[in-house]
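Trainee: After the structure tokens below, expect a handful of questions from me.
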Amino acid sequence: MTTVPGMGLVHGMGLTLRRFFAPKATIMWPEQNADVAPRFRGRLQLLYDEYGTLKCETCFQCAQACPIECIDMGGVDTRGRFHVHWGPPETYGERREESAMRRAGRPVADAAFTRFDPMDVTPVTAIAEAHDFEPKDLLPMLEDIQAAYGYLPVAALKHLSRQTGAWYAFVYGAASSFKHLRFEPPTMPAAAPAGEGLRSAEAGYVSALGAALSGKAPA
Amino acid sequence: MTAITRSLGNVSTVGKVVIPLLVLILVVGPLVTVLLATVIGPWVVGVANSNLGILRFVVAITGILLFSIPAAFIIIYMELKVIAYMNLRVGPNRVLPAGAAHSVIAGLKVLTKEDFSPTSADKTVFTWAPVMVFLTAVMTFMVIPFGPGLVGAPLNIGLLYLFAVGGMTVVGLLLAGWSSFNKYSLLGGLRSAAQVVSYEIPLTLSVVGLILLAGTLSIDSIARQQAGWVWDWFVFRQPLGALIFFIAGVAEANRTPFDLTEADSEIVAGFATEYSGMRFGFLFFAEYVNVFIMSALIVTMFFGAWNAPVDINAVLGFFHLAPFWVYLQPGELGLGLLLVIAVAPLLVTLALSAPVYLLRDSMPAWKALVVGFILFNLLVIGALGLAAYIDWDWVAGLVWFMLKAFIFVFVFVWMRGTFPRVRIDQLMGFAWKWLLPAALLNLFITAFAIVILKSAGIH
Amino acid sequence: MDRTLRTRLAAKLADRLTGPIRQRHDQTEIRIRPADLIEVMRVLHDDPELEFVILADLAGVDTGDTMQVVYHLWSNKTPDWLRVIAEGLPRGDPRAPSLTGLWPGAEWMEREAYDMLGIVFEGNRDLRRIYMPPDYKSFPLRKDFYLPDDSARGPGGGVRHVEEPYAPLAATTRSIRRTVKA
Amino acid sequence: MTAPVQPHYPHPSADDPRIMLDAQIGQYEQVPPYPPRTEREAEFYTLGDGEMFLNMGPQHPSTHGVLRVVLKINGEKVVDLDPVLGYLHRGVEKLCENSDYHHIISQIDPLEYVSSLFMEWAPVMAFEKLMDVQVPRRAEYIRVLTGELLRIASHALFQGWMALDLGGLTPILYSFIERDEIVEMLAAVTGQRMLFNYFRIGGVNGDLNHEFMSRLGDWMSRAAVQHEANIGLLNENEIFVRRMRDIGRVDRDTALRMGVTGPNIRAAGIPFDVRRAHPYSVYPELEFNVPVRGSNGGGDSLDRYLLRLDEVRESIRIIDQCLHEMPDGPVMARLPRLMRPRPGRAWAAVESPRGLFGTYVISDGTDQPFRFRIHDPSFVHLQLVGMLMKDNLIADTMAVMASLDPVMGGIDK
């Protein structure tokens, strides 16, 4: 406290008056963006490291922790073969085991995932070329693909997306909105036993995973 | 007739409404005007003449009510913006440039919100308490002279009225606190009662010295006594009184550092905790109207009211000059006036746009002309304002009064941006142990000085 | 590691210790019976050669078989942290004397240990739940406590034991996930 | 027709006298609807003549989070008070016991969100003790450097909240500007502004980079001046000083007995600072004073406030030394990716801005700790409020509570 009573108050008022005329600290978003460090992790976007690989470890912690289950993770698997989609927590558990193993430096079972057979996509390229790789001709291209394969395989759609430059979501959306386009071969049994037919591939994966965990060779 | 109906059929839907209305207005309008001018007008004037007092009162009330709203808006905006600037923020900046209409929009928002009252509240009291708070605040405006002659009710006991009505605010706050059925509100109400009642005494006592000096209770006359130079203001004859009045006024208006009644970090918002919607709006408005009243009172009592700090007549007389506006009498130009009105805008616009056009190379001619026109308009407005300032002394008074009042509003806001809040016991102790003896001391010194000076024959 | 502390402790508390004095890094560990707690702590606090004046932490531990209360103390006379383990509290009815007489600041830590593990501190005047709601009955940090959505167990984690908000206080005879050799 | 589905236990309010029924809600009693469980509770919830209860919180502007304090008041005077915790309880200890050792760092980060580097520091140190890891010296220096930066940020925030609780609107903004600069700086090196997740077992996650150093250099050139300017608003202010002086006085013996640590015990006159009392990291090599205040009869709120300002000055000194003495080298020890320490126990404590923050880990040889205990200083300090507040005014509750600087994230772990 100062010797003269009231001088502290006057000092304070002097300070606020000086700050009144000082430049302001506000960042006028959205006109002006904050200066974000390159290393900042808080962006809602997937980052790549200097070698061009994804920084995301696919630990699925974010998807598990998300309280409103708005994060669900999807993408192309590490071999670029098919689209994987991991929804909210129910698929988390088995996945986490795998990521824990990867962090621990132990071999992760190579999942022989055969949900989609490897397929020949040259007809798709031909069809896309015939339409001059024009995304506007999406419907005719999709109809041609269906004519060629009998249905719309996911790999074909992905390939089409890659060829034409249209987003996969766009291609998929277009394909799914027309009744005459189908994603399953018409010969596929309509009602596979729930959890059996669809899950057989996963069962193989899980058994391989279990073998890797227990150290035994997969059956 | 058929032609008219056919052409009406071609008219759009809007036209079908507008055209008959237009016809109606064109026909009825003149008729009504004539009727008003010949029959009703004289009657109204007659009635008004015979009831001039009542008419003046009604006009004053309406004017004050209408004035209090924009005044509160401006002060709220000032508070937001000034505190933001002191906090190194920008503050409101989305509605109009620099967020100028922010408080207006906020007021509209308050109007549209749900008017909620707690389950166990005393509904009647709960509803009418904010009205009471607001009305007592506005009623105080009646005796404040905004300029020479610009006063709602020129009472000769204006000061007495002021303190009597101003003290009633606490009743409203107490009712609001009590009826909310909330302990925070109750504490806030009790605090406001203790605080306002305590500070009422030094507030009143601090002006008693001034009353002795001025010899009157009429605010108008106190204001007139401060005409002349800046050192004729009462603040230089009553510095202690002015200081006490200022401090007590801050407490009376419940402003930082004495804003204990709505201490948000202690009792959340005090008496206003349970209020929402326009009831809260009334409380909120009343607070800012109180701020304006307090600064207006300080200006009126101690800082020369509406008088300019410079005695312009004395200055001119010192240089042996008549007031310069005597030389400029537009009426003497005669027909030349018409010529001036026709030619001057064009010439001045061109004259103002020429330098703009020449100095900025990238400016096209039409833009320069627009700029010139705008500058000309500003010039005209300024000239008209100056003429009004010169010719009507109430305009000059109003300008000076508002300027000074808002400087004090700024000080109030500035203090809010700087100080923390005092504690309730410190607040009461300060009022009773320091302010009250100081006010009494001021009173005795003043009375003593007056007696001495009177007996010495000096005034 | 402060070897002299070891000798001092052994000299002062030889008859009270239930195990060897262990030292690792900057920590010295002694083990006592809960019945001796007050006296041992009083010696540790008051003895001019020890003067453990600051109670850094009070932790309850459920080892799976028994309960323990672990205290960490600091003294100006030694560079080590002293860890005092009062061991062997039965899981069915874990009781330990309260240290609030010596350190009144232990009150809330004891409340927390009670809330989380169900250890009753006799002599604590305000031993009620501190985090969980007052009508809650389980003790969440016990090793046999699982939540129904305990996803960290994984899908194959076996039978899940469900939180029981209204189970009687003593019903804690669930299977134990794992135990530590304490 | 199917029978209505019964819950597996009956609805508690039906026959449980402790649960308030709808019909009773209109009575507006703050007395808990169950019989008192302890003598203290019985004593507290008995009203004397002219007394009433006032519920402050869980949503109150100045309880620093979701703390509920039941005040027993007589007019403006606080007769007694009872803090009720648990509104932010997340079970962090349980979460940590179910996470592997690397996970824990991110689990414990949001525990005390104001100074989260220290929340990482203590468990990381405990794990290093468990695994006998030698941390590279450069990593230790980086830890001290970032930690002291965060200490300044935390104390800046304390100052702002303190003023806000006393009704000052402006200092909080100055504090946040100060804190924002530091936090942006830390974001440049750690990648996050608040929950840094930066310290790793055996080092830190990434070396200092150019952006951090340039920001830090810029800040250091004006830090001391800016700090003095910011505190000018309060330190001499008569209103502030009069409100803080002589309230919430903690004497030396009480401070020791109540387990007070950190700035609060130093303000009471006891120079207990874990950085000196039980040195860790590279603090023995650094020069700094342990400021002490509160000469006779202990320290009041003003002492606690001023002591934190002294600490900021010391922290600036430490940062300066770190910048000059930081060696080159790796920032991470070479460690296996899977952490499986031998069975054992470890306790590590750091001096967080609020006091002694400790973690106690028991390992059973798996990759998850068997027991993970967190000791947070705010939790202990909040006990003091009840003792200090008796026979003071309501307004002093805020001043005392703010001067103890509790953070609810740490209290409700």
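The values are calculated or read from the model by the stated rules, or taken from the named source; none is laboratory data. It should be emphasised that the depicted structure is a prediction, and the values quoted were computed from it without experimental measurement. Heads up, the Cβs are rebuilt from the backbone with ideal geometry, glycines too, and the neighbour counts pull from every protein chain shown.
Trainee: Looking only at segment C:63-92, which residues are among the acidic types (Asp, Glu), more than 10 Å from chain D (Cβ to nearest Cβ) and not in a strand (DSSP E or B)?
Mentor: C:Asp65
Trainee: In addition: I'd like to check which helices (runs of 4 or more DSSP H) are fully inside segment B:352-459 and have at least 2 residues that are within 30 Å of D:Ala399 (Cβ to Cβ).
Mentor: By residue number, B:393-418, B:424-429, B:436-456.
Trainee: Only residues that are under 21 Å from D:Thr146 (Cβ atoms) and either part of a loop (DSSP other than H, G, I, E, B) or within 13 Å of chain C (Cβ to nearest Cβ) (or both): list them for segment D:242-274, please.
Mentor: D:Gly262, D:Asp273, D:Val274
Trainee: So, one more: Looking at B:Ala396, B:Ala387, which is the one that is more than 14 Å from chain D (Cβ to nearest Cβ), out of contact with any Leu (no Cβ under 6 Å at 6 or more places or on another chain) and buried (at least 18 other Cβ atoms within 10 Å of the Cβ)?
Mentor: Just one listed residue meets the conditions, B:Ala396.
Trainee: Check B:Val90 against each of (1) touching a Ser or Thr at 6+ places or on another chain (Cβ under 7 Å); (2) modelled with pLDDT of 85 or more; (3) buried (at least 18 other Cβ atoms within 10 Å of the Cβ) and name the one condition it does not meet.
Mentor: (3)
Trainee: Let me ask another. Between residues in segment B:404-433 that are within 21 Å of A:Met7 (Cβ to Cβ) and touching a residue at least 12 places away in the same chain (Cβ under 8 Å) and residues that are surrounded by fewer than 18 Cβ atoms within 10 Å (Cβ to Cβ) and among the hydroxyl-bearing types (Ser, Thr, Tyr), which pairs lie under 7 Å by C-beta distance while being six or more apart or on different chains?
Mentor: none
Trainee: Next question, about the same structure. Can you tell me how many residues in segment B:70-98 are touching a residue at least 24 places away in the same chain (Cβ under 8 Å) and either not in a helix (DSSP H, G or I) or not assigned by TED's automatic domain parsing to the domain that holds B:Trp414 (or both)?
Mentor: Number of matching residues: 1.
Trainee: Would segment B:122-136 turn up any residue that is in the same structural domain as B:Gln226 (by TED's automatic domain parsing), polar (S, T, N, Q) and under 20 Å from B:Ala405 (Cβ atoms)?
Mentor: yes
Trainee: Taking the residues in segment C:39-57 that are of a type in the set (A, V, I, L, M) and assigned to a helix (DSSP H, G or I) as candidates, determine which candidate is surrounded by the fewest Cβ atoms within 10 Å (Cβ to Cβ).
Mentor: The qualifying residue surrounded by the fewest Cβ atoms within 10 Å (Cβ to Cβ) is C:Val43.
Trainee: Oh, and also: Right, B:Phe412: buried (at least 16 other Cβ atoms within 10 Å of the Cβ) and modelled with pLDDT of 90 or more or not?
Mentor: yes
Trainee: Separate question: Of everything in segment B:205-235, what is surrounded by fewer than 20 Cβ atoms within 10 Å (Cβ to Cβ) and over 14 Å from B:Ala305 (Cα atoms)? Give them in sequence order.
Mentor: B:Val208, B:Ile211, B:Leu212, B:Leu213, B:Gly215, B:Thr216, B:Leu217
Trainee: Having 3 or more residues that are modelled with pLDDT of 85 or more and under 22 Å from D:Gly50 (Cβ atoms) is the bar; report the helices (runs of 4 or more DSSP H) wholly within segment B:163-227 that clear it.
Mentor: Filter on segment B:163-227 gives B:169-179, B:183-206.
Trainee: While we're looking at this one, here's another question. Please go through segment D:57-78 and give me each residue that is touching an Asp or Glu at 6+ places or on another chain (Cβ under 6 Å) and either crowded, with 18+ Cβ neighbours inside 10 Å or more than 15 Å from B:Lys183 (Cβ to Cβ) (or both), ordered by number.
Mentor: D:Pro61, D:Ser62, D:Val70, D:Lys72 - these are the residues of segment D:57-78 that are touching an Asp or Glu at 6+ places or on another chain (Cβ under 6 Å) and either crowded, with 18+ Cβ neighbours inside 10 Å or more than 15 Å from B:Lys183 (Cβ to Cβ) (or both).
Trainee: Of the residues C:Arg31, C:Arg111, C:Arg95, which single one is surrounded by fewer than 23 Cβ atoms within 10 Å (Cβ to Cβ), in contact with a strand residue (DSSP E or B) (Cβ under 7 Å, 6 or more places away or on another chain) and either away from chain D (no Cβ under 14 Å) or free of Cβ contacts under 8 Å to residues at least 24 places away in the same chain (or both)?
Mentor: The conditions single out C:Arg95.
Trainee: Name the single residue, out of those in segment B:262-277 being part of a loop (DSSP other than H, G, I, E, B) and in contact with a Leu (Cβ under 7 Å, 6 or more places away or on another chain), that is farthest from the other protein chains (Cβ to nearest Cβ).
Mentor: B:Tyr275
Trainee: Now for a separate question. State which residue is farthest from the other protein chains (Cβ to nearest Cβ) when the search covers only segment D:200-212 and only residues that are free of Cβ contacts under 8 Å to residues at least 40 places away in the same chain and not polar (S, T, N, Q).
Mentor: D:His210
Each row is one residue, and each column tells you yes or no for (1) closer than 19 Å to B:Leu159 by Cα; (2) modelled with pLDDT under 85; (3) touching a Pro at 6+ places or on another chain (Cβ under 6 Å).
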residue	(1), (2), (3)
B:Ser265	no, yes, yes
B:Phe271	no, yes, no
B:Glu287	no, no, no
B:Met294	yes, no, no
B:Val299	yes, no, no
B:Trp306	yes, yes, no
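Trainee: Which numbered condition trips up B:Phe430, out of (1) out of contact with any helix residue (DSSP H, G or I) (no Cβ under 9 Å at 6 or more places or on another chain); (2) closer than 22 Å to B:Glu200 by Cα?
Mentor: It fails just one condition, (1).
Trainee: Looking for something of a type outside the set (S, T, N, Q), assigned by TED's automatic domain parsing to the domain that holds B:Arg279 and over 24 Å from the mean Cα position of the chain (by Cα) - is there at least one such residue anywhere in segment B:107-114?
Mentor: yes
Trainee: I would also like to ask the following. Test C:Gly60 against the stated conditions and say whether it is modelled with pLDDT under 90, in a strand (DSSP E or B) and within 13 Å of the chain's Cα centre (by Cα).
Mentor: No, not satisfied.
Trainee: Please specify each residue of segment B:31-87 satisfying the condition of being more than 14 Å from chain D (Cβ to nearest Cβ) and polar (S, T, N, Q).
Mentor: Across segment B:31-87, the qualifying residues are B:Thr33, B:Thr38, B:Asn49, B:Ser50, B:Asn51, B:Thr62, B:Ser68.
Trainee: C:Val120 passes all but one of (1) under 17 Å from C:Asp36 (Cβ atoms); (2) in contact with a Phe, Trp or Tyr (Cβ under 9 Å, 6 or more places away or on another chain); (3) more than 10 Å from every other protein chain (Cβ to nearest Cβ); which number fails?
Mentor: With respect to (1) under 17 Å from C:Asp36 (Cβ atoms); (2) in contact with a Phe, Trp or Tyr (Cβ under 9 Å, 6 or more places away or on another chain); (3) more than 10 Å from every other protein chain (Cβ to nearest Cβ), C:Val120 is out only on (1).
Trainee: Give the residues of segment D:154-199 that are polar (S, T, N, Q), closer than 30 Å to D:Pro136 by Cβ and either without any contact (Cβ under 8 Å) to a residue 24 or more places away in the chain or facing another protein chain (nearest Cβ under 7 Å) (or both), sorted by residue number.
Mentor: The one that is polar (S, T, N, Q), closer than 30 Å to D:Pro136 by Cβ and either without any contact (Cβ under 8 Å) to a residue 24 or more places away in the chain or facing another protein chain (nearest Cβ under 7 Å) (or both): D:Gln192.
Trainee: Filter segment C:10-28 for residues that are under 25 Å from C:Pro104 (Cβ atoms) and buried (at least 17 other Cβ atoms within 10 Å of the Cβ) and give the result.
Mentor: Listed by number, the residues that qualify are C:Leu13, C:Arg16.
Trainee: Would you be able to tell me the number of residues in segment D:289-338 that are among the β-branched types (Val, Ile, Thr) and either farther than 21 Å from D:Arg143 by Cα or in contact with a strand residue (DSSP E or B) (Cβ under 9 Å, 6 or more places away or on another chain) (or both)?
Mentor: 2
Trainee: Assess whether D:Ile239 counts as being surrounded by 20 or more Cβ atoms within 10 Å (Cβ to Cβ), under 21 Å from the mean Cα position of the chain (by Cα) and assigned to a helix (DSSP H, G or I).
Mentor: Criteria not met by D:Ile239.
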